[in-house]
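This report refers to the structure that appears directly beneath it.
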Amino acid sequence: MISFNNICKKFGKLTALDQVNLEVKPSRSYALIGPNGSGKTTLIKCLLGLVVPTSGEIIFDGKSISNEWKYREKIGYMPQIGRYPDNISIGQLIDMMKNIRPSGEKTDDELIDAFRLYKMYDKKMHSLSGGTRQKVSAALAFLFNPPVLVLDEPTAGLDPVSAEILKEKIHGEKVKGKLILITSHILNDLDELATDILYIFEGKLQYNNTIDALKEETNEKRLGKAIATLIRQKELLDSIAD
Amino acid sequence: MTQVIKYIFYDLLRTRFILLYTLFLMISTFAMFQIDSDSAKVVLSLLNVVLMVVPLISVVFTTIHFFNSYEFIELMLAQPINRKVIFFGEYLSVSIALCMAYVTGVGFPALLFGADPSIITLLLTGVILTLVFVSLAFLSSVLTRDKAKAIGIALLFWFYFSLLYDGLLLWVIYSFNDYPLEKVTLVLIAFNPVDLARIVMLLQLDISALMGYTGAFYKEFFGNNTGIAFSLSILIVWVALPFRIAASIFSRKDL
């Protein structure tokens with residue numbers, strides 16, 4: 001459904017993405033992992049057209065996304081740090097999004113209800129706590145029933161109850177056949193939600209396989225340990241190569 | 001498109017700044033009309049206020065607004081909306097808000113004290129100057145990610161065109177006064193939108209001799225109407241060119 005072909009992105013001298021080749025398909029859920037600053041968010045922003053790749057191209061449903069915007073109808077995006085206009089209330093923000101992004105189908109208000117956001121409809125965005133902001137971002141990402149969900153650190157900053165609600169929602173959407181792309185540092189969450197692991201390090205895609213295959217390769221039962229083993233193996237190989 | 005503009009526009013009207021700007025212009029216009037009864041003289045005094053204040057306010061307000069609505073722009077760009085629409089929407093809303101403030105601020109008192117045709121020209125030049133400096137401010141905003149730097153660049157534009165350029169022009173004329181400079185000055189003036197606006201106004205008031213050498217020459221070269229048409233068309237280039245450059249930078253900008 002979406003393929004990244006030789007994506008490179010340079011910010012001045014810094015290479016954020018280096019020859020990333022990747023293909024993602026519906027009904028699967030991809031966990032994008034890697035240390036801070038390894039290029040996860042940049043890759044996601046490339047997909048959304050917020051960052052323009054230095055070279056390479058992204059194909060969405062058979063069409064290149066460069067200078068396109070229509071394809072974003074099919075993406076729900078939950079940013080890592082949701083930044084919203086200050087002077088607007090939650091209710092106004094949601095109304096505005098509904099007006100700006102008219103969808104034929106009924107909107108999906110499930111998360112608005114589950115997070116009880118309607119109780120705070122009058123609150124201004126600048127007065128919200130980080131967690132509430134995160135809930136608003138999540139509700140907006142799912143609101144238009146998009147076939148592709150891009151979630152950048154969805155559970156970071158949420159309280160345990162809300163995090164569970166969100167995880168259940170993500171799981172439900174995956175079962176419905178949507179393509180989900182998640183970045184997270186909480187590996188336990190990913191163990192429940194993801195089917196595939198994409199490991200990015202220093203802008204390069206180092207590993208791309210299913211979680212089951214990873215566990216088998218590393219002989220570990222838990223995802224956390226499996227990834228730790230994977231990283232250690234990579235480091236070992238690198239040190240031999242040097 | 002209209003939805004986007006509607007939301008930006010609402011947000012703009014909620015800031016008290018536009019209201020204060022309107023009030024300021026209204027009070028100064030009222031005061032000028034009260035001091036002098038000759039409307040041509042009033043227009044001339046107003047012209048000096050307009051030439052300094054309108055570019056300054058346009059430049060500062062636009063840059064601050066652009067960076068304050070960075071979040072909104074980010075949010076919109078992740079939605080199925082064309083980048084050009086967002087940029088054009090921002091430009092249009094800021095320009096409309098500032099022009100409305102200017103036209104009501106100067107136009108309303110003028111209407112009360114009896115409108116003169118020259119007031120219409122004053123309104124027109126003010127509106128065009130607003131558009132020119134909004135364009136320049138958008139250009140400086142997309143050139144950098146840093147708010148302080150962008151305001152700095154925008155203020156530099158204002159400083160250069162309102163103060164420095166005339167000094168440089170005088171220096172050129174003074175240094176090369178052995179040569180025939182009429183045509184050169186004419187070309188050089190086209191490089192400064194503030195001067196162009198001033199010439200339009202002075203030609204309209206038929207006191208271009210007050211502007212000395214260049215004004216007189218301008219008048220002789222073009223005659224009143226051609227001179228006004230020529231200056232206005234160059235001013236439109238001044239609106240369109242920075243806007244085009246800014247839009248093309250914005251369409252490739254990383255957020």
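The values are calculated or read from the model by the stated rules, or taken from the named source; none is laboratory data. Fair warning: this is a prediction, and the values are worked out from it, not measured in the lab. Heads up, the Cβs are rebuilt from the backbone with ideal geometry, glycines too, and the neighbour counts pull from every protein chain shown.
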Among the residues of segment A:9-43, write down those that are within 15 Å of residue A:179 (Cβ to Cβ) and either polar (S, T, N, Q) or in contact with a helix residue (DSSP H, G or I) (Cβ under 9 Å, 6 or more places away or on another chain) (or both). A:22, A:27, A:28, A:29, A:31, A:32
If we keep just the residues of segment B:232-255 that are surrounded by 16 or more Cβ atoms within 10 Å (Cβ to Cβ) and either basic (Lys, Arg) or within 14 Å of another protein chain (Cβ to nearest Cβ) (or both), which is farthest from residue B:124 (Cα to Cα)? B:255
Hey, any hits in segment A:41-57 for a residue that's part of a strand (DSSP E or B) and more than 14 Å from chain B (Cβ to nearest Cβ)? yes
In segment A:66-91, how many residues are of a type outside the set (Phe, Trp, Tyr), at the interface with another protein chain (Cβ under 7 Å from one of its Cβ atoms) and in contact with a Pro (Cβ under 9 Å, 6 or more places away or on another chain)? 3
In segment B:99-118, is there at least one residue being surrounded by fewer than 18 Cβ atoms within 10 Å (Cβ to Cβ) and of a type in the set (S, T, N, Q)? yes
Would you mind finding the one in A:183, A:229 that is surrounded by fewer than 17 Cβ atoms within 10 Å (Cβ to Cβ) and hydroxyl-bearing (Ser, Thr, Tyr)? A:229
Go through (1) of a type outside the set (Ser, Thr, Tyr); (2) touching a Phe, Trp or Tyr at 6+ places or on another chain (Cβ under 7 Å); (3) buried (at least 22 other Cβ atoms within 10 Å of the Cβ) and name the single condition residue A:169 misses. (3)
Kindly list the number of the only condition in (1) over 19 Å from residue B:11 (Cβ atoms); (2) within 14 Å of another protein chain (Cβ to nearest Cβ); (3) of a type outside the set (Val, Ile, Thr); (4) in contact (Cβ under 8 Å) with a residue 12 or more places away in the chain that fails for residue B:122. (2)
Residue pairs, Cβ under 7 Å, 6 or more apart or interchain, first in segment A:101-122 and under 18 Å from residue A:170 (Cα atoms), second loosely packed, with under 10 Cβ neighbours inside 10 Å and modelled with pLDDT of 90 or more. List them. none
Filter the helices (runs of 4 or more DSSP H) completely within segment B:1-112 down to those with at least 1 residues that are under 22 Å from the mean Cα position of the chain (by Cα) and either at pLDDT below 90 or over 28 Å from residue B:202 (Cα atoms) (or both). B:2-14, B:16-35, B:39-68, B:83-112
Expected output for segment B:78-91 (first residue within 11 Å of chain A (Cβ to nearest Cβ), partner part of a helix (DSSP H, G or I) and among the acidic types (Asp, Glu), Cβ below 6 Å, 6+ apart or cross-chain) is B:80/A:73
State which residue is modelled with the highest pLDDT when the search covers only segment A:1-46 and only residues that are surrounded by fewer than 14 Cβ atoms within 10 Å (Cβ to Cβ) and at positive phi. A:6
For residue A:133, state whether it is charged (D, E, K, R), under 27 Å from residue A:164 (Cβ atoms) and more than 10 Å from every other protein chain (Cβ to nearest Cβ). yes
Failed criterion for residue A:73 (all others in (1) of a type in the set (Asp, Glu); (2) farther than 18 Å from residue A:149 by Cα; (3) in contact (Cβ under 8 Å) with a residue 24 or more places away in the chain hold): (2)
(1) over 25 Å from residue B:45 (Cα atoms); (2) modelled with pLDDT of 90 or more: which one isn't true of residue B:253, the others all being true? (2)
Please work out which one of (1) touching a residue at least 60 places away in the same chain (Cβ under 8 Å); (2) aliphatic (A, V, I, L, M); (3) over 18 Å from residue A:109 (Cβ atoms); (4) touching a strand residue (DSSP E or B) at 6+ places or on another chain (Cβ under 6 Å) is the condition residue A:141 fails and give its number. (3)
